[in-house]
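> My structure is below; once you've seen it, I'll send some questions.
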Amino acid sequence: MTFVTDGQPSLRLAASVALKCDEHAAMAAFSLGPGEQATFVFGGADDDRVAVENTDLLFAETLHYWQLWSARSNYRGRWREMVNRSALALKLLTSARHGSIAAAATFGLPETPGGGTQLGLSRLLAARCLV
């Protein structure tokens with residue numbers, strides 16, 4: 001499933017379960033039993049690796065990247081694990097293009113459990129879902 005919006009890069013979502021397009025969002029309804037899993041891969045529309053059969057490779061590459069990135073830390077104090085985890089969280093929120101840090105990682109999530117969503121990213125981008 002591909003998502004396109006004017007002026008933004010197109011994105012693709014692949015899944016091991018059936019997806020459907022509902023307004024401007026990808027939807028899936030499925031049940032999992034013990035030991036079962038559902039796989040979702042999200043990335044650039046032009047990235048051929050965005051496919052369910054590539055999840056093991058993509059996971060290994062992602063893990064390797066973040067291990068190398070974390071290994072560059074020179075902090076050796078008592079709180080090393082927490083400092084490195086915080087640095088990783090900030091790195092994940094950093095724009096590769098602009099170098100700025102996102103204001104809120106929880107953008108679009110409800111303020112209370114079971115509460116209504118705020119302005120969702122899919123509505124903000126007004127993306128068109130192409131199956």
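The values are calculated or read from the model by the stated rules, or taken from the named source; none is laboratory data. If you're wondering where the values come from, they're calculated on a predicted model, not measured in any experiment. Here the Cβ is made from the backbone with ideal geometry for all residues, glycine too, and neighbour counts use every protein chain on show.
> Is there a residue in the range 75-96 that is part of a loop (DSSP other than H, G, I, E, B), modelled with pLDDT under 80 and within 17 Å of the chain's Cα centre (by Cα)?
Step one: list which residues in the range 75-96 are part of a loop (DSSP other than H, G, I, E, B), which gives 75-79, 93, 95-96.
Within this subset, residues satisfying the condition of being modelled with pLDDT under 80 are 95-96.
Keeping just the survivors that are within 17 Å of the chain's Cα centre (by Cα) gives 95-96.
The answer is yes; a qualifying residue exists.
> Continuing with this model, one more query. Being over 30 Å from residue 20 (Cβ atoms) and in contact with a helix residue (DSSP H, G or I) (Cβ under 7 Å, 6 or more places away or on another chain) is the filter here; which residues of the range 37-68 pass it?
Correct list: 66 only.
> Take the conditions out of contact with any Pro (no Cβ under 7 Å at 6 or more places or on another chain), surrounded by fewer than 11 Cβ atoms within 10 Å (Cβ to Cβ), modelled with pLDDT of 65 or more and more than 25 Å from residue 39 (Cα to Cα) and apply them to residue 60. Does it pass? Lay out the reasoning, then the answer.
On the way: out of contact with any Pro (no Cβ under 7 Å at 6 or more places or on another chain): yes; surrounded by fewer than 11 Cβ atoms within 10 Å (Cβ to Cβ): yes; modelled with pLDDT of 65 or more: yes; more than 25 Å from residue 39 (Cα to Cα): no.
Judged against the criteria, residue 60 is not a match.
> May I ask you to verify whether residue 24 is over 15 Å from the mean Cα position of the chain (by Cα), surrounded by 10 or more Cβ atoms within 10 Å (Cβ to Cβ) and modelled with pLDDT of 90 or more?
Details: over 15 Å from the mean Cα position of the chain (by Cα): yes; surrounded by 10 or more Cβ atoms within 10 Å (Cβ to Cβ): yes; modelled with pLDDT of 90 or more: no.
No, not satisfied.
> Take the residues in the range 7-35 that are in contact with a helix residue (DSSP H, G or I) (Cβ under 6 Å, 6 or more places away or on another chain) and assigned to a loop (DSSP other than H, G, I, E, B); name whichever of them is farthest from residue 49 (Cα to Cα). Walk me through how you get there before you give the answer.
Here is the first cut: in the range 7-35, the ones in contact with a helix residue (DSSP H, G or I) (Cβ under 6 Å, 6 or more places away or on another chain) are 14, 16, 24-25.
Then keep just the ones that are assigned to a loop (DSSP other than H, G, I, E, B); that gives 16, 24.
Working: 16: 14, 24: 24 Å.
Checking each candidate, the answer is 24.
> Okay, moving on. Would you pick out the residues in the range 24-37 that are free of Cβ contacts under 8 Å to residues at least 40 places away in the same chain and closer than 24 Å to residue 4 by Cα?
Keep residues of the range 24-37 that are free of Cβ contacts under 8 Å to residues at least 40 places away in the same chain, which gives 27-37.
Within the range 24-37, 27, 28, 29 meet the criteria.
> Also, I was wondering about something else. Could you count how many residues in the range 97-119 are among the aromatic types (Phe, Trp, Tyr) and modelled with pLDDT of 75 or more? Steps first, please.
Narrowing the range 97-119 to residues among the aromatic types (Phe, Trp, Tyr): 107.
Keeping just the survivors that are modelled with pLDDT of 75 or more gives none.
Final tally of qualifying residues: 0.
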